[in-house]
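Asks: First the structure, which I've put down as structure tokens, then a few questions once you've had a look.
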Amino acid sequence: MRTYLLILVYFLGSYNMVAQNGVPSKSDSIYYKIERVSQKKKFYKFLHDAFFRSVQTEELSNTKRQKSASINPIPYRLYNCKIIRNITIESLDPFGFSAENKNSKPENQLERIGNSLHIKTKHWTIRNLLLFKKNEELDSLLLKESERLIRSQRYVRSVIIKPIPIANCSDSIDVSVRVLDTWSAAITGAYANNKSNLDINERNFIGLGHEFDINYLKSLDNSTAINYGYDAKYTVPNFRNTFINTSVASKKDLNNSTYKSIKLDRPFYSTYTHWAGGIYYDYKSYNQTLVNSDAVALSQYFNSKTYSLWGGHAFNIFGKGSEFARTSHLVITGGFTNTNYLTKPDLAIDPIQFFSSSKLALATLGISAQKFYQDKYLFRFGTIEDIPYGKLIAVTGGFENKNLVNRAYFGGRFAYGNYFNFGYLQGNFEAGSFFNDGKSEQSIYKFELNYFTNLFPIGSWKFRQFFKPVLVLGTNRLNTPQDRLNLIDVNGIPGFNSAPLTGTKKILATFQTQSYNQKEWYGFNFSPYLNFTFGFLDTGDHIFFSNKMYSQIGVGVLVNNKYLIFNSFQLSFSYYPSLPIDGSNIIKTNAFQNNNIEFRDFQIGQPALVPYQ
């Protein structure tokens, strides 16, 4: 029985075994018992030493994380269980003010003019993001999580939530919430190849936190049947403290294709969330070029609609006494997706009927444990960023009905991430496959790492090294170009757009050296960076390294502005030794961004197939 206990808790036990006040609570005593048991036999000790940290080690690790970010944490735990008497919310204009320093004021006329054109975030917009309320007992974990949720909003630059002691009152506390806005609107435009576009973005519409994006396209070529298009989306990210995200989108391009969608979604937005779910509907009417059996490209018209719904619940499996227990969950989710093709290609063009109506039902069962540590100088220059770390293990199963064939599906994911002395390391492994009459179909295996070093200073500069390798293996894939991997841009090499190059397996690796210049010029910081990305595709005829390697070398400068929601501008040059269509020694400008390297979180959401990309 002791062995099973060790194996169960090992998965989640290696991060934060300390109670909120730094002293082990009753619920934490299990970890001391496990540590004592582990000393009795070599096998127990092997499991414990491999996967657990002692309380003292974890306390030192947390201290290192705080020091690495140069962040002085507020001792929320000193005020635990006191009654919240009042909550005061103060939102600040973006120019000249500071969430940390109340004495900071605009110093020049330009800052004052900018603030006069800005609408500050409404108090109830911030209040809707708080996980605590007036007249409740103060919970230090919910205060810290509320601060993280506010900081994650695209219209917020920084936030400080601080308990305020009340004179001559030992059982009550006031809470101050001080938020510094960013400039949330942007208007951009471009003209090229007889086409122009105007893009309007707003991330905090009249201070409500609502977002809208409007992109207007205009063709100056009179020979085209359609000379205008648009892409519009409006989002309400949090309705009355429910954290239900509602978005409505409509698009019409210059090919007269139209897309409409509506989505209501409540994800597991926090590690303290127990219910999640959503509904989605879209309608598409579009043209797409397909190649028939004679290798002739033909334009085909599609008309489809899709709806899906899902729901999930997270259960506390280690009680509610400590932070470790409250952030570790057994999660169960289920979902259903129905795709209906109203118009689809002829069999001569799509003989395997890839574009066919389908029904997919999936369920996921897993254990998730996630926390965040704070750091600076990653993607938002000089401001606090929240980096997820934890563990996740999940299995997904279900059934698909397509072309009058029922297939079972089974997949899984294991992920781990943590902050070490040598930097941050995150690993992710996913696998999934359909099964039809006992045979696997459309199988996929995906391995991914994400690593960055600690900051290392040189003079007034700071540097980080990022590294992200990805390996995708596909077996028994369908015989159609739509079921193939490529190296195109988002899922491959930045700026790479050679669509005919496809394969069933892929290796991709990205190296990026990022510098951060501490010297400021009118609110701007200039940070040069160097990026190198290479990839291989395997068509099934050769092993990876027998095929040609495609690569990109990028150099540029990131211009950061601490006031703006679009906190960076950049000028970059990319060199491509070889492109399948364009030729050799190609140079492109602004073909990639320096923040393409993203972190995976450790939450379980809507059940889905492992993406083949």
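Asks: Report yes if some residue within the stretch 373-386 is small (Gly, Ala, Ser), in the same structural domain as residue 434 (by TED's automatic domain parsing) and crowded, with 20+ Cβ neighbours inside 10 Å; otherwise report no.
Replies: There is no residue in the stretch 373-386 that is small (Gly, Ala, Ser), in the same structural domain as residue 434 (by TED's automatic domain parsing) and crowded, with 20+ Cβ neighbours inside 10 Å.
Asks: One residue is enough: does the stretch 392-403 have a residue meeting the conditions more than 30 Å from residue 341 (Cβ to Cβ), buried (at least 19 other Cβ atoms within 10 Å of the Cβ) and of a type outside the set (Val, Ile, Thr)?
Replies: Yes, because at least one residue in the stretch 392-403 is more than 30 Å from residue 341 (Cβ to Cβ), buried (at least 19 other Cβ atoms within 10 Å of the Cβ) and of a type outside the set (Val, Ile, Thr).
Asks: Given the conditions (1) out of contact with any Gly (no Cβ under 9 Å at 6 or more places or on another chain); (2) outside any strand (DSSP E or B), and given that residue 202 satisfies all but one, which numbered condition is not satisfied?
Replies: (2)
Asks: How many residues are over 27 Å from residue 242 (Cβ atoms) and either crowded, with 16+ Cβ neighbours inside 10 Å or at pLDDT 95 or above (or both) if we restrict to the stretch 274-304? Quick ask: steps written out before the conclusion?
Replies: Looking only at the stretch 274-304, we keep the residues that are over 27 Å from residue 242 (Cβ atoms), and these are 284-304.
Those left that are additionally either crowded, with 16+ Cβ neighbours inside 10 Å or at pLDDT 95 or above (or both): 284-286, 290, 300, 302, 304.
The qualifying residues number 7.
Asks: Hey, could you check the stretch 182-237 for residues that are among the basic types (Lys, Arg) and more than 27 Å from residue 157 (Cβ to Cβ) and say which is modelled with the highest pLDDT?
Replies: 218
Asks: What are the pairs with Cβ atoms under 8 angstrom where one residue, in the stretch 102-126, is in the same structural domain as residue 153 (by TED's automatic domain parsing) and the other, located anywhere, is among the charged types (D, E, K, R) and part of a helix (DSSP H, G or I)? Sequence gap at least six, or different chains.
Replies: The qualifying pairs are 106/112.
Asks: While we're looking at this one, here's another question. Output the residues belonging to the stretch 160-197 that are in a strand (DSSP E or B), aliphatic (A, V, I, L, M) and surrounded by fewer than 11 Cβ atoms within 10 Å (Cβ to Cβ).
Replies: 187, 190, 192
Asks: If you don't mind, another one. Quick one: which helices (runs of 4 or more DSSP H) sit completely within the stretch 102-159 and have at least 2 residues that are over 18 Å from residue 92 (Cα atoms)?
Replies: Details: elements: 109-116, 123-127, 140-151.
So the answer is 140-151.
Asks: Next question. Report, by residue number, each residue of the stretch 127-159 that is aromatic (Phe, Trp, Tyr) and surrounded by fewer than 20 Cβ atoms within 10 Å (Cβ to Cβ). Spell out how you get there, then give the answer.
Replies: Filtering the stretch 127-159 for residues aromatic (Phe, Trp, Tyr) gives 132, 155.
Across the stretch 127-159, the qualifying residue is only 132.
Asks: Filter the stretch 212-241 down to the residues that are touching a residue at least 24 places away in the same chain (Cβ under 8 Å), part of a strand (DSSP E or B) and either surrounded by fewer than 15 Cβ atoms within 10 Å (Cβ to Cβ) or touching a Leu at 6+ places or on another chain (Cβ under 7 Å) (or both) and list them by number.
Replies: Correct list: 217, 219, 228, 229.
Asks: Would you mind telling me which numbered condition in (1) out of contact with any Asp or Glu (no Cβ under 6 Å at 6 or more places or on another chain); (2) within 30 Å of residue 202 (Cβ to Cβ); (3) surrounded by 16 or more Cβ atoms within 10 Å (Cβ to Cβ); (4) at pLDDT 85 or above residue 118 fails?
Replies: (1)
Asks: Which ones in the stretch 263-272 are of a type in the set (S, T, N, Q) and either touching a helix residue (DSSP H, G or I) at 6+ places or on another chain (Cβ under 7 Å) or surrounded by fewer than 18 Cβ atoms within 10 Å (Cβ to Cβ) (or both)?
Replies: Of the residues in the stretch 263-272, the ones of a type in the set (S, T, N, Q) are 270-271.
Within the stretch 263-272, 270 is the sole residue that qualifies.
Asks: Another one. State which residue pairs qualify: first residue assigned by TED's automatic domain parsing to the domain that holds residue 297 and surrounded by 13 or more Cβ atoms within 10 Å (Cβ to Cβ) and inside the stretch 340-351, second residue of a type in the set (Gly, Ala, Ser) and assigned to a loop (DSSP other than H, G, I, E, B) in any location, beta carbons under 7 Å apart, and separation of 6 or more residues or different chains.
Replies: Note: pairs meeting the criteria are 340/357; 341/356; 341/357; 344/356.
The values are calculated or read from the model by the stated rules, or taken from the named source; none is laboratory data. Remember, predicted model here, so these are calculated numbers, not experimental data. Every residue, glycine among them, receives a Cβ derived from its backbone with ideal geometry; neighbour counts consider all protein chains shown.
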